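The values are calculated or read from the model by the stated rules, or taken from the named source; none is laboratory data. From a predicted model like this one, the values you see are computed outputs, not experimental measurements. When we count neighbours, we look across all protein chains shown, and the Cβ atoms used for this are built from the backbone with ideal geometry, even at glycine. These area figures cover heavy atoms from the full protein model, side chains too; ligands, DNA and RNA do not enter into them. Shrake-Rupley method; radii C 1.70, N 1.55, O 1.52, S 1.80 Å.
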Amino acid sequence: MPEARKKESQEARGWIEAADSVAVLTGAGISAESGVPTFRGTGGLWRSFRPEELATPEAFRRDPKLLWEWYNWRRELISKALPNPGHKALVELESRKPRFTLITQNVDGLHDLAGSKNVLKLHGDIWQIRCTKCGKSWTDRRVPLPDLPAHCDCGALARPDIVWFGEPLPAGIWSRAADAVEDARLFLVVGTSAVVYPAADLIPLALARKVKVIEINPDETPFSAEVDCALAGPAGEILPRLVAS
Ligand code: APR
């Protein structure tokens, strides 16, 4: 590792060690090394589509079967994935900190599978299904799902319980995420392109509060130049090194 990088990671390790309150924001990049494709960036899942056009209530209304087929494909892919050393390092960090909140944009459930406890899922959960009429929500881990599009017991059309573009976040979750960031001494931003809002707003919020911010991402993001430390590389390699005591 070049000398400057080594010094930077040592400094970051010191901040992690010293912080009694930690918040983390993760995005698709933390699951990339588990074999779950990201949305943007190299090899991104939606390279040939625009996520802002496909993952919308309008697209679902237009063609519910098409959207369900796409989610069925993603569910199948995710069902084969296991947590990687990046997910596990966050479990280890949580066990050492009196206050720790993991805020994730991911719907893949890999943080739960790794053993993380205090997880705020900003964008929902791919294993949850919700009725478009009566609002009932339930877990269904079947892969593949039969009879698409899925329906509720009440007979109405059901949808993935996921936040699509143009939809609000689940009730109360934003204030819990913002409170966790404001309370933190250290904010880790891992594997997110930081272009989807409101999630990305947590970064300027932390910076304005003078919370130390460390970004981990092989690529630059709109915030790389503003954070206290941007570590370029894969989360599955960098996080275990940073968290090692
Ligand atoms: N380690 C860390 N970061 C990685 C890795 C890795 N091994 N591999 C890729 N990345 C980075 C990419 O460089 C990219 O910046 O992860 C980021 C993934 O960005 P996106 O695909 O845009 O994912 P995310 O930021 O989570 O997207 C936000 O957009 O489509 C919606 O709802 C969806 O929650 C998602 C939201």
Inset, instruction - Please specify each residue of region 103-118 satisfying the condition of being more than 14 Å from the ligand (Cβ to nearest atom) and touching a strand residue (DSSP E or B) at 6+ places or on another chain (Cβ under 7 Å). - result: 112, 116, 118
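Looking at region 110-153, which of its residues are touching a residue at least 40 places away in the same chain (Cβ under 8 Å), of a type in the set (Val, Ile, Thr) and touching a Pro at 6+ places or on another chain (Cβ under 7 Å)? Even if it seems obvious, please write down each step before you answer.
Kept after step one, since they are touching a residue at least 40 places away in the same chain (Cβ under 8 Å), are these residues of region 110-153: 110-111, 120-124, 126-127, 141, 143-145, 148-150.
Those still in the list that are of a type in the set (Val, Ile, Thr) too: 126, 143.
Correct list: 126 only.
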Legend entry - Within region 58-87, tally of residues that are under 22 Å from residue 185 (Cα atoms) and touching a Gly at 6+ places or on another chain (Cβ under 8 Å): 1
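Here is a yes/no grid of residues against (1) surrounded by fewer than 20 Cβ atoms within 10 Å (Cβ to Cβ); (2) touching a residue at least 60 places away in the same chain (Cβ under 8 Å); (3) within 13 Å of the ligand (Cβ to nearest atom); (4) β-branched (Val, Ile, Thr):
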site: 158; (1), (2), (3), (4): no, no, no, no
site: 179; (1), (2), (3), (4): yes, no, no, no
site: 184; (1), (2), (3), (4): no, yes, no, no
site: 206; (1), (2), (3), (4): no, yes, no, no
site: 215; (1), (2), (3), (4): no, no, yes, no
Legend entry - residue 223 vs. criteria on the phi < 0 side of the Ramachandran plot, modelled with pLDDT under 95 and within 16 Å of the ligand (Cβ to nearest atom): no
Legend entry - Criterion (more than 16 Å from the ligand (Cβ to nearest atom) and of a type outside the set (Gly, Ala, Ser)) met by exactly one of 201, 228: 228
Legend entry - Tally of residues being part of a loop (DSSP other than H, G, I, E, B) and either open to solvent by less than 50 Å² (accessible area, probe 1.4 Å) or among the polar types (S, T, N, Q) (or both) across region 120-153: 10
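For residue 68, state whether it is open to solvent by less than 10 Å² (accessible area, probe 1.4 Å) and either without any contact (Cβ under 8 Å) to a residue 12 or more places away in the chain or over 20 Å from the mean Cα position of the chain (by Cα) (or both). Walk me through it before giving the result.
Numbers: open to solvent by less than 10 Å² (accessible area, probe 1.4 Å): yes; either without any contact (Cβ under 8 Å) to a residue 12 or more places away in the chain or over 20 Å from the mean Cα position of the chain (by Cα) (or both): yes.
Yes: the conditions hold for residue 68.
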Inset, instruction - Collect the residues in region 5-20 that are small (Gly, Ala, Ser), within 15 Å of residue 211 (Cβ to Cβ) and either over 23 Å from the mean Cα position of the chain (by Cα) or not in a helix (DSSP H, G or I) (or both), keeping them in residue-number order. - result: 18, 19
Inset, instruction - Considering only residues that are open to solvent by 80 Å² or more (accessible area, probe 1.4 Å) and basic (Lys, Arg), look in region 4-18 and name the one that is modelled with the highest pLDDT. - result: 13
Inset, instruction - May I ask you to list the residues in region 107-117 that are out of contact with any Lys or Arg (no Cβ under 8 Å at 6 or more places or on another chain) and buried (at least 16 other Cβ atoms within 10 Å of the Cβ)? - result: 108, 109, 110, 111, 112, 116
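Considering every residue within region 89-102, establish whether at least one is within 14 Å of the chain's Cα centre (by Cα), near the ligand (Cβ under 10 Å from one of its atoms) and open to solvent by less than 70 Å² (accessible area, probe 1.4 Å).
Taking region 89-102 as the starting set, the residues that turn out to be within 14 Å of the chain's Cα centre (by Cα) are 90, 101-102.
Going one step further and asking which of them are near the ligand (Cβ under 10 Å from one of its atoms), we end up with none.
The answer is no, given that none of the residues of region 89-102 is within 14 Å of the chain's Cα centre (by Cα), near the ligand (Cβ under 10 Å from one of its atoms) and open to solvent by less than 70 Å² (accessible area, probe 1.4 Å).
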